Every structure is written in structure tokens, then in C-alpha cells.
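The values are calculated or read from the model by the stated rules, or taken from the named source; none is laboratory data. All values reported here derive from a predicted model rather than from experimental measurement. Because the Cβ atoms are built from the backbone with ideal geometry, glycine has one as well, and the counts that use them run over all protein chains shown.
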Amino acid sequence: MSKIVIVGAGYAGMMAAAHLDREGIPFTIVNNHDYHYLTILLHEAAGGRDDGEKYAIPIKEVLRKDTSELVVAEVTGIDKANRVVKTSTGDISYDYLIYSLGWVSEYFGIKGLKEYSLSITNLDSAIEIRKHIDNQFQLYTQDGDERHLRIALGGAGLTGIELMGELLDYLPKLCKSLNIPWEKVDLQCIEAMPTILPMVAEHLRPFVVETYTKKGGKLRTGTKINEVTEGVIHLDGGETVEAGTIIWTGGVRANPLLSESGFTVDRRGRAKVNEFMQSVDDEVIFIAGDSAWAEDANGRPYPPTAQNAEQMGALAAKNILLRERRRPMEPFHPRDWGTLCSLGAEVGVGSFMGVPIKGVMGALAKEGSKAKYLWELGGMRLAGNRSKYVMKL
């Protein structure tokens, strides 16, 4: 059997690994941690819903076969010519490679944004955001500076809106524990576009605005960030927002290793693949998840969603085995289950299988999607122990 290497243990990498593990096919997965974290739930860890460790699943809890090897190391490069993955602990050769390293934040050239804002890029950063907010509120009790109580979120896409919902649930409890009047807290989300949540049906967006406004949040659309200095957001038109916490959730791009390694990439750094998830630059390299520039039959790129990443990863692994067995590979035709956005622990909004939902049903559907993923990843072994992994059903 050819040597298969997977780099990255996000949704795509783990689904590829789980497929090979179930088949008993030898492979090596390289990741900079010995755990897989639930990326699309990191807003919960950052916003105070649960302790950070509940969003991490030990990789060895998913991969049980002796044929599955985990290497904990940082991937530093891909040498296509010599078929080698370069890592912090040494080179790893491959016959087939599944590249599924995740994304990095996209700052769109806004001066000072990277240097003076926080961003949810991994589990550690989510935990640090929670600690930072707690510390800022503690500082207020010492010096009375209300800037400590101002939190500014940049970007009103899924991550920004979901994080805001978590904070609107968590901050009143934090205030009560520190004897801080809730009305002194200023939580605002700043969005350059004229609307929020472009991936959610337009008629559902007013429900989000109403829900957050009633809880005390501020949604500011059509408001462009020009620059960020330490503790200050400079808006178009000259207004400034001084905040103890500035969090950027406004965009992502693929890990720069792809462009640095000579792959054909789009403007977001994603590497172009064919319908079988093969790199157009190298037929033994399969690319999945947020790193993949995959297009539908009409030439439109598939969005970088977790459900697409899961299906890409599983297909990449399956197609390698089909290719090895000299059978036709299968094209990527993903199933779209819909988009769900949590507005805190008890309310949600979005669509499921084409049906618009909001309120408590939205929250239940979101929780159901967690159970579905755990089942697909590890069967009853993970789904049956869902209380360990941030399940509230």
C-alpha cells in the first residue's frame, strides 16, 4: 500500500483520517496538537458558554487502529518535487498527500488591525479571549475606567454574530459576580456591509437584530473600520471607539503554506482542485476543507463551510483508495444541510434542509448538528458521550 499522509486535523483532515482508520488503511496524520478542536464552536469557548477543554477531542480517541499514526508537529512546508512534508520534527515522505491545514485571519490591509485586535484562530486563542474579557472586567472594579467594559467585534458574519450571542448570555453573569451594573457594558458589532449574516435568509435577519437589541447589544452596519491603534478603532468619518477588548471576526484566508509551496491559488490563498479533490498541480496531492478552491458545475467556488470540509475530507480519502485499486474516482457533489447560527445557548436562526427556522427550534437544530458530526466522526463512541463534548440536549 502506498504511504498516505494527512496534514491538519481540522474537519476535513479528521474525516479523511476516520475513513482510513475504519478501513484499516495505514496512514500518518500530522497536526500541531494531539487533539482535534471543534472550530465552528470556538465562539462558545471565547464567549463563556463552556470550559475550553470541552471543545477538544483527543485524536487517539477517534483513531483506534494500530495502522493509524499521529505525529505531533508543525507543518512548515510541502516539497512537491520530492514528495516530502517538512515539519518541525523532520521530513515525512508520502506517496499520497491530503492537505487540510486550516485558515488564518484575513485583515484586508486595515492598518493596525492584526497588531491590536484578538482573533479566534484556534482553541488556545478562544480561551485567551475569554480570559482577556474576564481580566478587563476585573480591571474595571479596580480603576473604574469604563473602557474596560466596552467590547467591539469587527465583522457580522457567522463568527461575529455567534460570538455576540454568547457574550450577551455570559456577560450579565460576569457582571453579577463582580457587582458591575449591566447597563455600563457596551457590546457592539461593527460591520462594513449594509447587512448582517449574508448566508442567512434576509427575512430572518430582523429577528437577530431584535433579539440582540433587547438583550443590550448594538449592531452597527454600513460602518467601515479604517484603522486600529492600541485600544482604539478608527471608523470611516472620523469617529473612534475606545475599547478594552477588540475582536476581529471579519474574514479568513487559507494557510500561506499553499502559495509558498507553489500551488495555484485564488485570491484567498486556496489551492485549485479538480472535481475529485486533486490538486491541479499534482495528481497525488488531494486538498480539502478551507484550503481547497473547488468549484461547482457553474464555476462558482464552494463556500468554506464545515459541512463541505467534512465531505471533502471523506471523499479525498475514498478517492485515494479508489485510485490505488484502479477504479474510477468519484466527483465532489456535496449535500447542503443548511446554515445554522446560534444566538446564544437557547436561540438560533437559519435553515435546515431548505426550511427556515428561528428561536428555540434554531438552537435545537444547532445542537443536533453537533451530535450528527460526533456520530460521523466516531460513531456511538463519541456521540454516545456527547455531554463530554459541549452537548446540551
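Sub-7 Å Cβ pairs linking a first residue in region 116-140 that is in a loop (DSSP other than H, G, I, E, B) to a second residue that is β-branched (V, I, T), at least 6 apart or interchain, are S117/V228; S117/I246; S117/I247; I120/I129; I120/T159; I120/T249; T121/V104, ordered by first then second residue.
Considering each residue of region 214-262, count those that are of a type in the set (D, E, K, R) and part of a loop (DSSP other than H, G, I, E, B), and give that number. Show your work before the answer.
First pass over region 214-262, keeping only residues of a type in the set (D, E, K, R): 214-215, 218, 220, 224, 227, 230, 236, 239, 242, 253, 260.
Remaining after also requiring part of a loop (DSSP other than H, G, I, E, B): 224, 230, 236, 239.
Residues flagged as of a type in the set (D, E, K, R) and part of a loop (DSSP other than H, G, I, E, B) within region 214-262 amount to 4.
Consider M164 carefully, then state whether it is of a type in the set (A, V, I, L, M, F, W, C), touching a strand residue (DSSP E or B) at 6+ places or on another chain (Cβ under 9 Å) and assigned to a helix (DSSP H, G or I).
Values: of a type in the set (A, V, I, L, M, F, W, C): yes; touching a strand residue (DSSP E or B) at 6+ places or on another chain (Cβ under 9 Å): yes; assigned to a helix (DSSP H, G or I): yes.
Criteria met by M164.
If we keep just the residues of region 238-256 that are touching a residue at least 24 places away in the same chain (Cβ under 8 Å) and more than 21 Å from the chain's Cα centre (by Cα), which is surrounded by the most Cβ atoms within 10 Å (Cβ to Cβ)? Step by step, filter region 238-256, then rank; the result is A243. Criterion applied to A292, A317 was being crowded, with 22+ Cβ neighbours inside 10 Å, within 20 Å of the chain's Cα centre (by Cα) and not β-branched (V, I, T), and the one residue passing it is A292. Beta carbons closer than 7 Å, at least 6 apart along the sequence or on distinct chains, pair a first residue in region 318-343 that is over 30 Å from G359 (Cα atoms) with a second that is surrounded by 13 or more Cβ atoms within 10 Å (Cβ to Cβ) and among the basic types (K, R) for M329/R323; E330/K318.
Listed here are the residues, each with its yes/no results for (1) in the same structural domain as S100 (by TED's automatic domain parsing); (2) more than 21 Å from A314 (Cα to Cα); (3) at pLDDT below 95.
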| position | (1), (2), (3) |
| --- | --- |
| Y11 | yes, no, no |
| F27 | yes, no, no |
| H36 | yes, no, no |
| H43 | yes, yes, no |
| D50 | yes, yes, yes |
| R64 | yes, no, yes |
| A73 | yes, yes, no |
| T76 | yes, yes, no |
| D79 | yes, yes, no |
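Rundown of residues vs (1) crowded, with 19+ Cβ neighbours inside 10 Å; (2) β-branched (V, I, T); (3) within 20 Å of the chain's Cα centre (by Cα); (4) not assigned by TED's automatic domain parsing to the domain that holds F286, yes/no style:
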position	(1), (2), (3), (4)
G348	yes, no, yes, yes
G354	no, no, no, yes
I357	yes, yes, no, yes
A363	yes, no, yes, yes
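E61 falls short of the stated requirement of being surrounded by 23 or more Cβ atoms within 10 Å (Cβ to Cβ) and touching a residue at least 24 places away in the same chain (Cβ under 8 Å).
The single condition among (1) in contact with a Ser or Thr (Cβ under 8 Å, 6 or more places away or on another chain); (2) closer than 20 Å to F276 by Cβ; (3) part of a strand (DSSP E or B) that I92 does not satisfy is (2). For the subset of region 1-39 comprising residues that are surrounded by 17 or more Cβ atoms within 10 Å (Cβ to Cβ) and polar (S, T, N, Q), which member is nearest to E310 (Cα to Cα)? Within region 1-39, the match that is nearest to E310 (Cα to Cα) is T39. Filter region 365-393 down to residues that are surrounded by 15 or more Cβ atoms within 10 Å (Cβ to Cβ), over 30 Å from E202 (Cα atoms) and of a type in the set (A, V, I, L, M) and give me whichever is modelled with the lowest pLDDT. That would be A383. Screening region 296-312 for residues that are surrounded by 15 or more Cβ atoms within 10 Å (Cβ to Cβ) and either within 14 Å of N274 (Cα to Cα) or over 18 Å from the mean Cα position of the chain (by Cα) (or both) and picking the one that is modelled with the lowest pLDDT gives Y302.
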